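As structure tokens, the structure follows; a few thoughts come after it.
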Amino acid sequence: LPGIKKKSALYKKFFNDSQDDYLIRFKITSNPGRIITFAQLGIPVVADFYPSALQLIDHEINGMVAYSAGGWYACLERLIVDPVLRQKIARNMRTKIMTEVDNKHQNIRLLQFLEKGFLISC
């Protein structure tokens with residue numbers, strides 16, 4: 001569908017360009033802290049394709065990811081019309097945050113990482 005996808009034409013000759021290529025712009029304000037806050041409040045999350053969002057979100061299981069304005073519209077519309085889906089996604093993300101991303105689990109993971117790295121370097 002022409003006109004829906006935005007692509008960079010500046011380096012078109014230098015790369016193997018395809019109509020399926022996306023240009024993804026990251027906003028400085030995009031960060032996983034927002035996802036965590038919404039999850040703690042029980043609010044379902046729709047996010048852009050930025051790396052830390054993709055580490056947390058399993059599309060349609062504990063959140064949704066959207067690329068285009070049409071994608072955002074479709075995701076938000078699904079959440080608006082389906083209260084069961086809203087609750088399921090919010091509950092699943094809250095569970096993930098509480099079992100994987102909270103301070104206690106992050107500290108344990110950091111210690112395991114440091115111990116593993118220390119043992120490897122010795």
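Extension gain, A69-L41: 0.36 nm per intervening residue step, less the Cα-Cα distance, totals 7.6 nm.
The protection proxy used here, the mean number of other Cβ atoms lying within 10 Å of each residue, ranks peptides 53-63, 99-109 as follows, highest first: 53-63, 99-109. With a Förster radius of 25 Å applied to the C-beta separation of D48 and R78, the computed FRET efficiency comes to 0.90.
With the cut-off at 1.5 for a/c, could you classify the stretch 62-114 from its C-alpha gyration tensor as rounded, prolate or oblate? In terms of gyration-tensor shape, oblate.
Only the coordinates and a few stated rules stand behind these numbers; no lab work does. All values derive from a computational prediction rather than experimental measurement. Using ideal geometry, Cβ is built from the backbone for each residue, glycine included, and neighbour counts are taken over all protein chains shown.
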